[in-house]
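Written below as structure tokens is the structure these notes are about.
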Amino acid sequence: MLGLVSALADRYAYLPSIGLFVLIAYVVLAQRQVAVWENSERLFTHALAVNERNVVARNGLAYLLANNGRVEEALEQYAESLRIDPDDRFARVSLAGLVVRTGDLDRAATLFREELTRRPQAFTTRLKLATLLAELGRDTESAGEFAIAHRAGVADAESHANFGLVLARLGRDDDAVAEFEAALALDSRSSLAHKALATVLGRRGQVEQAVAHLDAALATDPEDGGARLNLSIFLTRLGALDRAERELGLLLAREPGNALAHKRLGVVYFEQRRISEAIRAFEESVRLDPRQDDLRADLARLRTLAAR
């Protein structure tokens with residue numbers, strides 16, 4: 001029987017991405033400030049004309065500028081606040097969040113580290129740094145920051161799930177499972193925790209349990225293409241080919257340009273001995289993603305098999 005090496009090489013499901021918290025959501029100004037200034041750019045500007053070292057007014061102006069899409073101006077105002085008062089926590093954390101919005105994750109990480117140097121007990125900031133480091137692929141550093149915050153009792157379902165993802169990427173599956181279970185104990189509907197736990201269970205060979213967790217994730221978010229793709233992989237491994245085909249059909253109805261889904265559908269067809277349909281599915285996958293040299297080679301072998 002023809003061995004579709006490349007097509008079956010992704011038989012293990014893919015870990016979901018880190019659930020990056022909304023770093024760009026700024027700390028809301030104190031209610032008394034909002035009440036006094038009514039979020040007015042004119043009043044903030046007037047206050048700065050009276051006293052240019054008024055960092056509260058400068059931060060308020062930066063906040064308004066950022067919310068109005070004037071990011072560069074907001075960055076300048078936050079940076080000036082820090083020049084005036086290097087200990088201004090609001091300015092540094094807000095600046096870090098805004099820098100993430102510009103895509104400069106390394107600079108944002110540096111700003112969070114500066115804040116933690118001044119306030120090592122700021123565990124919410126530490127969780128933000130941990131998640132940002134994970135997004136940067138600096139998993140060992142990220143795991144250390146998550147561990148410090150969690151030992152201090154600062155954790156929610158998302159941070160447990162994100163920590164688990166980092167641990168899974170580091171190959172620490174037992175610890176990762178514990179974090180995913182902690183996340184689900186806090187939020188049984190956490191799609192991220194269900195998906196990540198399914199991936200780890202699947203690579204341990206606990207495929208039926210993995211399917212159950214992916215079903216739970218899809219119950220929360222039926223349009224999650226990644227979860228449905230992974231579900232199809234596990235169903236194929238269980239031999240539930242008809243259901244795997246149905247799941248891929250649902251996915252491709254929403255994402256007809258998903259090359260991986262076409263590839264997985266080709267695998268299902270191949271397992272069902274539907275060689276002509278497998279060829280068409282693989283051809284579509286290669287058309288959508290021409291970089292699949294191994295799949296091209298498998299296609300040539302399949303065509304030879306079909307011609308016999």
Fill in: In the range 78-132, the residues that are small (Gly, Ala, Ser), more than 23 Å from Ala47 (Cα to Cα), without any contact (Cβ under 8 Å) to a residue 40 or more places away in the chain and surrounded by 20 or more Cβ atoms within 10 Å (Cβ to Cβ)
Ala109, Ala130
Practice prompt. Taking the residues in the range 256-278 that are surrounded by 16 or more Cβ atoms within 10 Å (Cβ to Cβ) and not in a helix (DSSP H, G or I) as candidates, determine which candidate is modelled with the highest pLDDT.
Written response: Asn258
Discussion item. Being of a type outside the set (Val, Ile, Thr) and within 21 Å of Thr125 (Cα to Cα): is that true of Arg138 here?
Written reply: yes
Discussion item. Take the conditions at pLDDT below 95, of a type in the set (Val, Ile, Thr), farther than 22 Å from Ala79 by Cβ and not in a loop (DSSP other than H, G, I, E, B) and apply them to Thr124. Does it pass?
Written reply: yes
Item to complete: Would you list the helices (runs of 4 or more DSSP H) that sit entirely within the range 23-94 and hold 1 or more residues that are more than 22 Å from Arg113 (Cα to Cα), among the hydrophobic types (A, V, I, L, M, F, W, C) and at pLDDT below 85?
Response: 31-37, 41-50
Discussion item. Can you pull out every residue in the range 287-308 that is of a type outside the set (D, E, K, R), assigned to a helix (DSSP H, G or I) and without any contact (Cβ under 8 Å) to a residue 24 or more places away in the chain?
Written reply: Leu299, Ala300, Thr304, Ala307
Discussion item. Considering only residues that are among the acidic types (Asp, Glu) and over 21 Å from Arg107 (Cα atoms), which ones fall in the range 48-76?
Written reply: Glu52
Item to complete: Name every residue in the range 208-230 that is closer than 17 Å to Glu245 by Cα and surrounded by 16 or more Cβ atoms within 10 Å (Cβ to Cβ), in order of residue number.
Response: Val211, Leu214, Leu218, Asp224, Gly225, Gly226, Ala227, Arg228, Leu229, Asn230
Worksheet item: Among the residues of the range 288-308, which ones are closer than 20 Å to Arg274 by Cα and not charged (D, E, K, R)?
Response: Leu295, Ala297, Leu299, Ala300, Leu302, Thr304, Leu305, Ala306, Ala307
Worksheet item: Looking at the range 267-284, is at least one residue among the basic types (Lys, Arg) and touching a Leu at 6+ places or on another chain (Cβ under 7 Å)?
Response: no
Practice prompt. Output yes when any residue across the range 136-145 is in contact with a helix residue (DSSP H, G or I) (Cβ under 6 Å, 6 or more places away or on another chain), assigned to a helix (DSSP H, G or I), at pLDDT 95 or above and of a type in the set (A, V, I, L, M, F, W, C), and no when none is.
Written response: yes
Worksheet entry | Qualifying positions in the range 97-131 - of a type in the set (Lys, Arg) and under 19 Å from Ala157 (Cα atoms) | Arg126, Lys128
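The values are calculated or read from the model by the stated rules, or taken from the named source; none is laboratory data. All values derive from a computational prediction rather than experimental measurement. Reconstructed Cβ throughout: ideal geometry from the backbone, glycine too, with neighbour counts over all protein chains shown.
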